[in-house]
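The numbers here are math on the coordinates, done by the rules we state, and not lab data. All figures in this text were calculated on a predicted structure; none of them were measured in a lab. FYI the Cβ positions are ideal-geometry reconstructions off the backbone, even for glycines, and counts take in every protein chain you see.
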Amino acid sequence: MRMNSYSFAESTCIALAPSRILFVSEGPLARLGGAGIVVVANLSTEFLQSDLEDVMGFLRDREPFLARLNPLTIGVFAFAAVLLTTSASVAQETGNGRDYAKLRDLQATTIAMQNMAAENLAAAGGFLPPMSFAAGTNPQFVAIGDFNRDGKLDLAVADNIFSPNPGFVSVLLGNGDGTYQTPVAYGPFSNPISIAVGDFNGDGKLDLAVADDILGNGTVSVLLGNGDGTFGAAAAYGAGSLPNSVVVGDFNGDGIPDLAAANYGSDNVSVLLGRGDGTFQRAQSYRVRSSPISLAVADLNRDGKQGLVVVNFSDNTVSVLLGNGDGTFQAATKLLCGV
C-alpha cells in the first residue's frame, strides 16, 4: 500500500488518553472535549495519508492496542486524525506534484466525525476494552502507589487464599501505558484482605500496611518500601479479631502516619499510632456495632481533627467516632442505613 507524504508547518497529534499520543510530536497541548483528544500545535512534522484505509492502518501500526477496537471505532478516530491535521496551517507540498485538495475536502466531513468520536467514547463509558493481569489466588483488594518512584502508578493486591493455605500480597509495577509487569509476591500471610499505602518512616518511599484477617488474633502487618518497587519483610502488629479493613490517617496531629483497622470478629476498631520510624505503638481499641467491615478517615465536624466512619455489616449501621486530636476517639455514635 503506497503512502503519500505531506509536510505541515503547523501540524497536530491526537491521543486517546492523556498519556497515549498517536502522532509523536512536541509543542503546547490543548484538550478537545470529552473524547480525550489532545492537539499539539506549532511544530513541523510529517503526516502519512492517502485515503481512510491508509490512515486506519497507520493508527493500527502506531498503536497495536487499537486492534482490539471494532473497525467503525477505528474509522472514527482515523477521521478525527484527518480533521486535526487539516485544521492546521498547511505548508507547501514536498515535491510529489499533488495538491492538498483531497485532504482539505475531508475537513467538513471529519468535523462531524470528531463529534462522533466523542459520542462513541461516551457511549462506551469512556473506557477502552479491559485488560487482565495475573495476580495471586483469590485477590480481594487492590491499592495504588508509585512504589519505585518512576512516576508510574503501581499496584499492590491482597491475595486472600484462605486457610490452610497462606495468602500473599502481589506487587505489579506499572509500565506507564496502562500495562503492568509480572507480579512479585510478598508474604506469607494468613488471609490478607485489605492494604493501605503510606510513608511510615518518612524516607520518601511508599510502604504498605496489610490487614491480615485472622480469627482471634488478627494483625496489621507493615512492609517498608525500598524505593525500587521491592519491600522488606513484614512486621506484624496485633489488632482485633478478623481485621477486614485498614486505613492511614494522622490521628494525633504530629505529621506521622497512623493506622486504624476495622475488626469484623471483635466488633471494634484498632488504632495504632505511628512512631515515625516505620514502627507503631500498641493498638488501642474502640467499640463499634456488629461486624465492622470497612472504615474511612475524615474530619467529620470540621474541627481540624481526624475521625473515623465505620460500616457495620450485621446490623445495617454506620458508626462515627470523632477524633480528639491526640490519637484518642470519642465513643461511637450510631447511624442507621439500609434495611
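Points worth noting:
- Each peptide among 182-195, 303-316 gets the average number of other Cβ atoms lying within 10 Å of its residues, and from highest to lowest they stand as 182-195, 303-316.
- Summing +1 for each Lys or Arg and -1 for each Asp or Glu among the other residues whose beta-carbon sits under 15 angstrom from that of Gly240 gives 0.
- Relative contact order (%) - criterion: Cα under 8 Å, at least six apart; region: the stretch 209-298: 24
- The eigenvalues of the Cα gyration tensor, multiplied by 5 and square-rooted, give the stretch 139-293 an equivalent ellipsoid with semi-axes of 25, 19, 12 Å from largest to smallest.
- Neighbours of Val288, meaning other residues whose beta-carbon lies under 9 angstrom from its beta-carbon, give a summed charge of +2 when Lys and Arg score +1 and Asp and Glu score -1.
- Neighbourhood charge, 11 Å Cβ-Cβ cut-off, centred on Thr317 and excluding it, Lys, Arg +1 and Asp, Glu -1: +1
- Three-way shape call for the stretch 165-230 based on the alpha-carbon gyration tensor, with the a/c threshold at 1.5: oblate
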